[in-house]
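Inspection log for the structure reproduced underneath, given as structure tokens.
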């Protein structure tokens, strides 16, 4: 049984269909994996918008080559980067590990 549901009902139906086709030994493993993946998806899709200040702070923690690439990409396009989103979410005291556990 998938404990953490995906916010998209169609994805839930697809996940449940997939589980129904598996043998008992694999069903529990994939149910856990779907729950984990759904929790991660929810974590990264919280309504937290990176600010330009967050972007600059995040850049300062990157390696030189990655910082150069992200600077060239620019703030607007970088806002969709999972690592920037995670930086901002964790800066707001919501760690991914703890979020997923809960």
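Looking at the range 87-99, I want the residues that are under 16 Å from residue 51 (Cβ atoms) and not assigned by TED's automatic domain parsing to the domain that holds residue 36 and have a partner that is at pLDDT 90 or above and in a loop (DSSP other than H, G, I, E, B) with Cβ atoms under 6 Å, at least 6 apart or on another chain. Which pairs are those?
Final answer for the pair search is 88/50.
So, in the range 52-65, of the ones that are assigned to a helix (DSSP H, G or I) and touching a helix residue (DSSP H, G or I) at 6+ places or on another chain (Cβ under 9 Å), which residue ends up surrounded by the fewest Cβ atoms within 10 Å (Cβ to Cβ)?
Filtering the range 52-65 for residues assigned to a helix (DSSP H, G or I) gives 52-60, 64-65.
Now drop any that are not touching a helix residue (DSSP H, G or I) at 6+ places or on another chain (Cβ under 9 Å), which leaves 52, 54-60.
Working: 52: 10, 54: 19, 55: 21, 56: 11, 57: 15, 58: 21, 59: 17, 60: 8.
The qualifying residue surrounded by the fewest Cβ atoms within 10 Å (Cβ to Cβ) is 60.
For the range 70-86, state whether one or more residues are touching a residue at least 40 places away in the same chain (Cβ under 8 Å), surrounded by 15 or more Cβ atoms within 10 Å (Cβ to Cβ) and not in a loop (DSSP other than H, G, I, E, B). Talk me through it step by step, then tell me what you get.
We begin by selecting, within the range 70-86, every residue touching a residue at least 40 places away in the same chain (Cβ under 8 Å); these are 85-86.
Retained after the next criterion (residues that are surrounded by 15 or more Cβ atoms within 10 Å (Cβ to Cβ)): 85-86.
In the following step, the residues that additionally are not in a loop (DSSP other than H, G, I, E, B) were identified as 85-86.
Within the range 70-86 (the criterion being touching a residue at least 40 places away in the same chain (Cβ under 8 Å), surrounded by 15 or more Cβ atoms within 10 Å (Cβ to Cβ) and not in a loop (DSSP other than H, G, I, E, B)), the answer is yes, since at least one residue qualifies.
Select from the range 1-11 the residues that are within 17 Å of the chain's Cα centre (by Cα) and surrounded by 14 or more Cβ atoms within 10 Å (Cβ to Cβ) and write down the one among them that is nearest to residue 82 (Cα to Cα).
6
For the condition part of a helix (DSSP H, G or I) and over 13 Å from the mean Cα position of the chain (by Cα), what is the one hit in 25, 90, 49? Outline the logic, then answer.
Details: 90 fails: over 13 Å from the mean Cα position of the chain (by Cα); 49 fails: part of a helix (DSSP H, G or I).
Among 25, 90, 49, only 25 is part of a helix (DSSP H, G or I) and over 13 Å from the mean Cα position of the chain (by Cα).
The values are calculated or read from the model by the stated rules, or taken from the named source; none is laboratory data. Values in this document were obtained by computation on a predicted structure and should not be read as measured data. Don't worry about glycine lacking a Cβ; one is built from the backbone with ideal geometry, like all the others, and counts go over all protein chains shown.
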